Amino acid sequence: MDEASRQLLETAINKLGLSARAYTRILKVARTIADLDGAEHIQSPHISEAIQYRSLDRQFRF
């Protein structure tokens, strides 16, 4: 993961008030997205997409 991706993730964690567990889950989802994209490394778009999925998960939680 490059520095821009790391900064994006840390900013999202701080602004959304997410836990360390959420940080790990977002990284796992971002890694999966990167794999599906055929990318060797996690990039900012992968982090952004994973954060969006996390936000949707929190919004539609029962």
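General observations
- Verdict on LEU56 being modelled with pLDDT under 95, within 13 Å of the chain's Cα centre (by Cα) and either surrounded by 10 or more Cβ atoms within 10 Å (Cβ to Cβ) or hydrophobic (A, V, I, L, M, F, W, C) (or both): yes
- Residue count, the stretch 33-44 (criterion: in a helix (DSSP H, G or I) and not aliphatic (A, V, I, L, M)): 3
- The set of residues from the stretch 33-42 being surrounded by fewer than 16 Cβ atoms within 10 Å (Cβ to Cβ) and either under 21 Å from THR11 (Cα atoms) or under 10 Å from the mean Cα position of the chain (by Cα) (or both) comprises just one member, HIS41.
- Count of the stretch 1-32 residues, restricted to those that are exposed (fewer than 15 other Cβ atoms within 10 Å of the Cβ) and outside any helix (DSSP H, G or I), is 3.
The values are calculated or read from the model by the stated rules, or taken from the named source; none is laboratory data. Please read all numbers here as calculations on a predicted model, not as lab measurements. Because the Cβ atoms are built from the backbone with ideal geometry, glycine has one as well, and the counts that use them run over all protein chains shown.
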